[in-house]
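What follows is one structure encoded as structure tokens, with my remarks underneath.
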Amino acid sequence: LGPHGSTTIIESHLLDHQVSKDGYTVLSKLIFTDSYSRVLLELIKKISNRLVRTVGDGSTSAVVASASFFNRLKEFTVQNPHIPPQELLNALKVISSSISMNLKDQSNQIDERDDCNEILRNIAYISTNGDVDISKMVADVVQRTGKEGIIALERSKSDLTHIVEQRGFTVHRGYVDS
């Protein structure tokens with residue numbers, strides 16, 4: 001997890017192999033043949049996807065926590081077959097709400113007035129698989145654009161990593177004549 005996570009090489013038949021430490025990327029490439037594992041995988045993907053959309057990171061933690069949760073739930077239902085499914089579902093909703101409130105209480109908001117560059121750099125360091133230069137670039141760009149800014153990533157046509165800053169927006173119009 002985090003900066004000490006394992007790097008995974010993902011095989012691709014159509015494209016170059018992909019190297020990633022991002023839990024969501026690895027999760028999205030998994031395929032299971034049995035139906036029970038496929039259903040659990042889809043549930044874990046939904047949980048992880050929601051976390052990535054909401055928070056921006058933490059997919060590996062979501063995968064590990066979800067897998068542990070489902071394993072314990074399976075053990076519990078085997079040991080307690082007499083509990084009605086609706087009662088179990090209601091208990092899970094209460095637990096989920098409690099966990100959400102607890103996480104909200106433990107969360108730290110990054111205030112733009114603070115010097116948050118170090119915090120952003122640490123987050124970017126993990127997301128860039130430990131690349132110090134790129135994590136510094138990412139932290140600087142995120143701090144410059146602020147909460148309302150938009151950051152678009154594009155593959156460079158050269159081997160250089162660079163930043164192009166644009167104020168306002170561009171509307172592409174017209175026709176292409178060949």
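E118 - would you say it is under 23 Å from the mean Cα position of the chain (by Cα) and of a type in the set (D, E)?
So E118 fits the description; yes.
I110 - would you say it is open to solvent by less than 80 Å² (accessible area, probe 1.4 Å) and part of a loop (DSSP other than H, G, I, E, B)?
So I110 fits the description; yes.
Just need a number here: residues in segment 30-71 that are surrounded by fewer than 17 Cβ atoms within 10 Å (Cβ to Cβ), among the basic types (K, R) and at pLDDT 75 or above.
Qualifying residue count for the region: 3.
Restricting the search to segment 142-167, which residues are outside any loop (DSSP other than H, G, I, E, B) and in contact (Cβ under 8 Å) with a residue 24 or more places away in the chain?
Q143
Report yes if some residue within segment 140-153 is on the phi > 0 side of the Ramachandran plot, in contact with a helix residue (DSSP H, G or I) (Cβ under 8 Å, 6 or more places away or on another chain), among the small types (G, A, S) and open to solvent by less than 50 Å² (accessible area, probe 1.4 Å); otherwise report no.
Within segment 140-153, not a single residue is on the phi > 0 side of the Ramachandran plot, in contact with a helix residue (DSSP H, G or I) (Cβ under 8 Å, 6 or more places away or on another chain), among the small types (G, A, S) and open to solvent by less than 50 Å² (accessible area, probe 1.4 Å).
So is S135 of a type in the set (S, T, Y) and surrounded by fewer than 14 Cβ atoms within 10 Å (Cβ to Cβ) or not?
no
Could you list, ordered by first residue, the pairs with Cβ atoms under 9 Å in which the first is in segment 75-90 and hydroxyl-bearing (S, T, Y) and the second is assigned to a helix (DSSP H, G or I) and surrounded by 10 or more Cβ atoms within 10 Å (Cβ to Cβ), at least 6 apart or interchain?
Pairs found: T77/L88.
So K104 passes all but one of these: (1) within 25 Å of L41 (Cα to Cα); (2) among the charged types (D, E, K, R); (3) within 24 Å of the chain's Cα centre (by Cα). Which condition number does it fail?
Here K104 clears every test but (1).
Could you please give the count of residues in segment 72-96 that are at pLDDT 80 or above, part of a helix (DSSP H, G or I) and among the polar types (S, T, N, Q)?
Residues meeting the conditions: 4.
The values are calculated or read from the model by the stated rules, or taken from the named source; none is laboratory data. From a predicted model like this one, the values you see are computed outputs, not experimental measurements. Glycine also receives a Cβ, built like all others from the backbone with ideal geometry; neighbour counts cover every protein chain displayed. Surface areas here come from the heavy atoms of the whole protein model, side chains and all, with no ligands, DNA or RNA. Shrake-Rupley method; radii C 1.70, N 1.55, O 1.52, S 1.80 Å.
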